[in-house]
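The values are calculated or read from the model by the stated rules, or taken from the named source; none is laboratory data. Given the structure is predicted, the values throughout are model-derived calculations rather than measurements. In this analysis, Cβ positions are derived from the backbone assuming ideal geometry, glycine residues included, and neighbour counts consider all displayed protein chains.
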């Protein structure tokens, strides 16, 4: 498979999973986008979930100008500082959906990032809440339901609390 | 359509067109990739055209390390300097396929770039040679055959000399 084939597969899996997750989640609960990047998946989530509160966490926003969230929904800073404050503000179990597409080309650093983020995300998910992520997380109170979503193994990950 | 949908469509159109073009071109003639970028389309072309000479033009190479062409096929510099020298070296009509995916987010600058590049590309194409591009070019001796390739109008462009 070429790198062009690979990116098409990855983005298609991402879109299909976000579509599935937005149909699947409860009508109550916040939506969190961890990493704004170029804003593509945020744009997708807000179109699929009109009127829903979507909070976006980003260290240094640099998305397309059309894809910048309103000020009160864009949380700028180091996620290991902003996410605990967010949990204090809204409470554990306040999120229906967390989408995490973060990290770099450094696989080892990405694994460590996911390890450190895991307990923070886990405590934010409501019962039945979903984490959709581009890498594996370690969430003891959640089930890995990736295989039920029809996405190719190892390409994207889904956990349900 | 969301930005995520849009990029999937654009990359899929790009791949489908490159696949079509690599089946369509003559067995003789050089292949030129204008703009290396992250190296995805170069990776695609070299896999689809094993053993073929593919010359890549790039101002400042920054592709994935797996997608850097061999030194003798990577032509670094301002394309308005390197492309005329290339034509002097290999001769007019030496290219079977030119793929151009260059430019920036600035639409006006992109139009000017395409205008200036048009005569350079036109003289390099052999009779029957193809230009596949992410924007419109102005090639009086070529036919715009974009509509024959099945790709959505305005998304990608194909010209045959």
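The residues in the stretch B:139-158 that are over 18 Å from residue B:6 (Cβ atoms), outside any helix (DSSP H, G or I) and at pLDDT 85 or above can be counted, and the count is 8. Being touching a helix residue (DSSP H, G or I) at 6+ places or on another chain (Cβ under 7 Å), closer than 26 Å to residue B:13 by Cβ and within 12 Å of another protein chain (Cβ to nearest Cβ) is a property that holds for residue A:3. Here residue B:87 fulfils each of the conditions (1) surrounded by fewer than 16 Cβ atoms within 10 Å (Cβ to Cβ); (2) part of a helix (DSSP H, G or I) apart from (1). Among the residues of the stretch A:98-119, those that are within 14 Å of residue A:33 (Cα to Cα), at pLDDT 95 or above and either touching a helix residue (DSSP H, G or I) at 6+ places or on another chain (Cβ under 6 Å) or not in a strand (DSSP E or B) (or both) comprise A:98, A:117. Of the listed requirements (1) surrounded by 18 or more Cβ atoms within 10 Å (Cβ to Cβ); (2) within 30 Å of residue A:64 (Cβ to Cβ), residue B:111 misses just one: (1).
Across the stretch B:94-103, a minimum of one residue is classified as more than 22 Å from residue B:135 (Cα to Cα) and away from chain A (no Cβ under 14 Å).
With respect to residue B:82, determine if the residue is surrounded by 14 or more Cβ atoms within 10 Å (Cβ to Cβ), more than 14 Å from the chain's Cα centre (by Cα) and over 30 Å from residue A:64 (Cα atoms). Taking the combined requirement at face value, the residue satisfies it. Filtering the stretch A:13-45 to residues that are in contact with a strand residue (DSSP E or B) (Cβ under 7 Å, 6 or more places away or on another chain) and within 10 Å of another protein chain (Cβ to nearest Cβ) leaves A:18, A:41, A:42, A:45. The set of residues from the stretch B:46-70 being at pLDDT 95 or above and within 9 Å of chain A (Cβ to nearest Cβ) comprises B:46, B:47, B:48.
All conditions but one from (1) in contact (Cβ under 8 Å) with a residue 60 or more places away in the chain; (2) more than 24 Å from residue B:161 (Cβ to Cβ) apply to residue B:64; the one that does not is (1).
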